[in-house]
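Each remark here refers to the structure printed beneath this line.
The values are calculated or read from the model by the stated rules, or taken from the named source; none is laboratory data. Keep in mind that what you see is a predicted model, and the values were worked out from it rather than measured. Note that we place each Cβ from the backbone using ideal geometry, even for glycine, and neighbour counts take in every protein chain shown. What goes into the accessible areas is simple: the full protein's heavy atoms, side chains included, and nothing from ligands, DNA or RNA. Shrake-Rupley method; radii C 1.70, N 1.55, O 1.52, S 1.80 Å.
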Amino acid sequence: MHNRTGEEKIWTALLYGVSGLVLFFLMAPILAIIPLSFNSSTFLTYPLEGFSLRWYREFFASDSWLRALKNSFIIGGASAVLATALGTLASLGLARTNFPGKGLIMALVLSPIIVPLVITGVGFYLFFAPMGLTATYPGLILAHTALGAPFVVITVSATLQGFDLNLLRAAASLGAHPVTAFRRVTLPLIGPGVASGGLFAFATSFDEVVVVLLVAGPTQRTLPREMFSGLRENISPTITAVATIMILVSLALLATLELLRRRNERLRGAKH
Amino acid sequence: MSIAATGLKAELRRAERARKRRAFLLVLPLLLFLIVTFVIPIGDMLRRSVHDTELAGVWPRVAQQIGDWENRSRLPDEALFAALAADLAESRENRSLATAARRLNYAIDNGRSLVFGTARKLPDSAGSWKQAIIEAEPRWGDVELWGAVAQASGPLTGFYLLQALDLKRTAGGDIVSVPSNQAVYVDILLRTFTVSLVVTLLCLALGFPVAYLLATLPTRLANPLMILVLLPFWTSLLVRTAAWIVLLQEQGLVNEAMIWLGLIDQPVRLIYNRIGVYVAMTHVLLPFMILPLYAVMKGISPAYMRAATSLGASPTRAFVKVYLPLTAPGIAAGALLVFILALGYYITPALVGGAADQMISYFIAFYTSDTVNWGMAAALGAVLLTATLILYALYNRLSGSAGMRVG
């Protein structure tokens, strides 16, 4: 039935108009900050004065920004690897069978997502400061692993839902050791899911600043932490260059996740 | 039943148990890791909100003797005053006087100057310490003051939790409101709730039409639009906050656009106040509203709306009576999620808000690293964590485990 009444037309127009404005609101900050990073002026205002790469040069000439970039990758990378290992193992256990207390364990495993970051950070700081773990790389990596692992569990568990356990039975009946079966059958099939989980964990660490504020020392400052200081004092246009670089990293993460999602769908489709 | 059958049954049970054990062993590493790095530290932090040995640590004699002070409507006797004198002398010696002074300053008006003043004026020896101490600082002759010292001596104290709600315990043990010039925490709690609620409502108002559009458009058109939601979602919080500072500043694009449109003559202040907090937080949390709403709307068959209109309902009536109730689970899940996340916000208000816009997380961090008042940080943390967990339980009940999928 497609007799579009006037009333319906008004609603549709309103829907498109409002949605368009909201989508514009969502994208505007990102679109506004990128051109400023190529502006030659020291003022963060429009209209642009002229094209210049000077803020990128300043970024790459600054020891503190470069150290922050390096720290972000070290801490993000190490915590993502740890979180992926722990989270994937846990997902395999949680997917397989029911055991007593499973609901409680699941709630606990996911709780770092829900507990406010400042509580996680203060708890970690007060507990690990006497042991000398604050203001160290291992301390920060451990804290970020706890924050990233739940995302690995969510992602890998979702992948495992489509996993056919008969494949493992087939492998076992053909004489494969469980470890071999995991390596040759399970891992290739859930691989995209595991990789997505790792990327989620990396992105969590890459974006995190509250725990870093509380736990990191001056030598472990990450990009968001350095940006936080920069935004509190007077804002240099170098920040717009950093922001653009971070947007590029986000874009790369998002694109990789989309590729992994498609690959995962293909693997699932091939099964049926 | 034959012997073989019971044997097989037992074997199956054994195999099942072994399977469960193996599954549990796989979960164990993460479980232990989170218990050590997350659960125990937070538990230890919460302990600090009720367990307080700071004063007892530097004034052990006072802490011990004060337990023997039974009739709390009368001044304690010589033994406790002598203990105070000995502890004061010792903490002057080993430089722990500042700790005692700081701790008593939370419990007593001008407690700091009282402690330092007494220590300075105290004679080396005295026939009656009670007389000497009250002579040095007459306030020690006040029963109320000793009541406060007794409460501060721990080890268990409700002081911080009560203070987090602007309450205190009198020397007599009654719980009363603190004087209005000291009452700050209820204001902070109300402010945190107000900001979270306004942001949630803004997200709902802005997110609903977008989710509806995405759910009803053909996939070919909806997918590219979805990127416009996901890209900001994936962009760093700091990047988005920086962008809002640039956009909302006095010479920012928003002010210039409004002047150009003739809406205003002079630039208005849009940042370092509540407006900035609302705009930036709504922007950051909007995807958390759109995604659950979208998931629920995607599952609503268009046949319902067609049925309603074919039965004679106007499009508006069909939408309000049929579609809207079906989206209720999505609205509840999205609103609770946004509200829970907003409650714990720290970075965005700290960067785009003014002094009067800081939320509870800011004060937890402030008491932890700036003033080293860990008891107060822990008490405020306990309040925030309790509110969060109650709402999370509600969220879980409403949305089931599927609601946990973020992104």
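Go through the range B:1-47 and give me each residue that's more than 8 Å from chain A (Cβ to nearest Cβ), open to solvent by 70 Å² or more (accessible area, probe 1.4 Å) and within 34 Å of the chain's Cα centre (by Cα).
B:LEU32, B:VAL36, B:ARG47
Does the range A:174-184 contain at least one residue that is within 11 Å of chain B (Cβ to nearest Cβ) and either crowded, with 23+ Cβ neighbours inside 10 Å or under 25 Å from A:ALA68 (Cα atoms) (or both)?
Checking the range A:174-184: not a single residue is within 11 Å of chain B (Cβ to nearest Cβ) and either crowded, with 23+ Cβ neighbours inside 10 Å or under 25 Å from A:ALA68 (Cα atoms) (or both).
Output the qualifying pairs, or none if there are none: Cβ atoms under 6 angstrom, residues six or more apart or on different chains, first residue in the range B:267-289 and not assigned by TED's automatic domain parsing to the domain that holds B:VAL199 and among the aliphatic types (A, V, I, L, M), second residue assigned to a helix (DSSP H, G or I) and open to solvent by 20 Å² or more (accessible area, probe 1.4 Å).
Final answer for the pair search is none.
Is it fair to say B:ILE275 is open to solvent by 50 Å² or more (accessible area, probe 1.4 Å), under 30 Å from A:VAL122 (Cβ atoms) and out of contact with any Gly (no Cβ under 9 Å at 6 or more places or on another chain)?
On the way: open to solvent by 50 Å² or more (accessible area, probe 1.4 Å): yes; under 30 Å from A:VAL122 (Cβ atoms): yes; out of contact with any Gly (no Cβ under 9 Å at 6 or more places or on another chain): yes.
Yes, satisfied.
Identify, from the list A:ALA85, A:ALA68, A:ALA28, A:ALA80, the residue that is assigned to a helix (DSSP H, G or I) and open to solvent by 50 Å² or more (accessible area, probe 1.4 Å). First the steps, then the outcome.
Details: A:ALA68 fails: open to solvent by 50 Å² or more (accessible area, probe 1.4 Å); A:ALA28 fails: open to solvent by 50 Å² or more (accessible area, probe 1.4 Å); A:ALA80 fails: open to solvent by 50 Å² or more (accessible area, probe 1.4 Å).
Only one candidate qualifies: A:ALA85.
In the range B:211-302, which helices (runs of 4 or more DSSP H) lie fully inside it and hold 1 or more residues that are more than 9 Å from chain A (Cβ to nearest Cβ), closer than 21 Å to A:LEU251 by Cβ and touching a Cys at 6+ places or on another chain (Cβ under 8 Å)?
Numbers: elements: B:219-234, B:237-248, B:253-260, B:274-298.
Hits in the range B:211-302: B:274-298.
Looking at B:ILE42 and the list (1) without any contact (Cβ under 8 Å) to a residue 24 or more places away in the chain; (2) closer than 30 Å to A:VAL153 by Cα, which single condition is not satisfied?
Among (1) without any contact (Cβ under 8 Å) to a residue 24 or more places away in the chain; (2) closer than 30 Å to A:VAL153 by Cα, the lone unmet condition for B:ILE42 is (1).
Tell me, which residue of the range A:237-258 that is more than 8 Å from every other protein chain (Cβ to nearest Cβ) and of a type outside the set (A, V, I, L, M, F, W, C) is nearest to A:GLY148 (Cα to Cα)?
The qualifying residue nearest to A:GLY148 (Cα to Cα) is A:THR256.
Quick test for you: out of A:PRO35, A:PRO116, pick the one residue that is at pLDDT 95 or above and either open to solvent by less than 60 Å² (accessible area, probe 1.4 Å) or facing chain B (nearest Cβ under 7 Å) (or both). I'd like the intermediate steps shown before the answer.
Working: A:PRO35 fails: at pLDDT 95 or above.
Sole residue among the options that is at pLDDT 95 or above and either open to solvent by less than 60 Å² (accessible area, probe 1.4 Å) or facing chain B (nearest Cβ under 7 Å) (or both): A:PRO116.
Please work out which residue is nearest to the other protein chains (Cβ to nearest Cβ), limiting yourself to the range B:316-355 and to residues that are crowded, with 17+ Cβ neighbours inside 10 Å and among the polar types (S, T, N, Q).
B:THR348
B:VAL372 is checked against (1) closer than 23 Å to B:LEU104 by Cα; (2) modelled with pLDDT of 95 or more and fails just one. What number does that condition carry?
Going through the list (1) closer than 23 Å to B:LEU104 by Cα; (2) modelled with pLDDT of 95 or more, B:VAL372 breaks only (2).
Picking from B:VAL186, B:VAL198, B:VAL176, which residue would you name as being at pLDDT 90 or above, out of contact with any helix residue (DSSP H, G or I) (no Cβ under 8 Å at 6 or more places or on another chain), open to solvent by 40 Å² or more (accessible area, probe 1.4 Å) and not charged (D, E, K, R)? Steps first, answer last, please.
Working: B:VAL198 fails: out of contact with any helix residue (DSSP H, G or I) (no Cβ under 8 Å at 6 or more places or on another chain); B:VAL176 fails: at pLDDT 90 or above.
Exactly one residue qualifies, and that residue is B:VAL186.
Does any residue in the range A:177-196 that is within 16 Å of A:GLY87 (Cα to Cα) and among the β-branched types (Val, Ile, Thr) come within less than 6 Å, Cβ to Cβ, of a residue that is open to solvent by less than 10 Å² (accessible area, probe 1.4 Å) and at pLDDT 90 or above six or more places away or on a different chain, and which pairs are these?
Cβ pairs passing all conditions: A:VAL194/A:VAL156.
Tally up the residues in the range B:150-178 that are in a strand (DSSP E or B) and touching a residue at least 12 places away in the same chain (Cβ under 8 Å), please. Spell out how you get there, then give the answer.
First, the residues of the range B:150-178 that are in a strand (DSSP E or B): B:156, B:167-169, B:175-177.
Remaining after also requiring touching a residue at least 12 places away in the same chain (Cβ under 8 Å): B:156, B:169, B:175.
Number of matching residues: 3.
Could you tell me which numbered condition A:SER62 fails, if it satisfies all but one of (1) open to solvent by 20 Å² or more (accessible area, probe 1.4 Å); (2) closer than 30 Å to B:PRO267 by Cα?
(2)
So that you can scan it fast, the table gives a plain yes or no per residue for (1) under 30 Å from B:GLY158 (Cβ atoms); (2) of a type in the set (A, V, I, L, M, F, W, C):
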{"residue": "B:LEU190", "(1), (2)": "yes, yes"}
{"residue": "B:PHE193", "(1), (2)": "yes, yes"}
{"residue": "B:LEU225", "(1), (2)": "no, yes"}
{"residue": "B:ASN255", "(1), (2)": "no, no"}
{"residue": "B:LEU261", "(1), (2)": "no, yes"}
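Yes or no, residue by residue, for (1) at pLDDT below 90; (2) crowded, with 17+ Cβ neighbours inside 10 Å:
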site: A:LEU104; (1), (2): yes, no
site: A:LEU108; (1), (2): no, yes
site: A:VAL122; (1), (2): no, yes
site: A:TYR137; (1), (2): no, no
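Would you please name the residue that is farthest from the other protein chains (Cβ to nearest Cβ), looking only at residues in the range A:215-236 that are open to solvent by 20 Å² or more (accessible area, probe 1.4 Å) and assigned to a helix (DSSP H, G or I)?
A:THR219
For the range B:352-366, enumerate the residues that are in contact (Cβ under 8 Å) with a residue 12 or more places away in the chain and under 18 Å from B:LEU248 (Cα atoms).
Matches in the range B:352-366: B:VAL352, B:GLY353, B:GLY354, B:ASP357.
Restricting to the range B:107-138, count the residues that are outside any helix (DSSP H, G or I), surrounded by fewer than 17 Cβ atoms within 10 Å (Cβ to Cβ) and not small (Gly, Ala, Ser). Walk me through how you get there before you give the answer.
Here is the first cut: in the range B:107-138, the ones outside any helix (DSSP H, G or I) are B:108-110, B:122-128, B:137.
Pick out the ones that are also surrounded by fewer than 17 Cβ atoms within 10 Å (Cβ to Cβ) and you get B:109-110, B:123-128.
Subset that is not small (Gly, Ala, Ser): B:109-110, B:123-124.
Within the range B:107-138, residues that are outside any helix (DSSP H, G or I), surrounded by fewer than 17 Cβ atoms within 10 Å (Cβ to Cβ) and not small (Gly, Ala, Ser) number 4.
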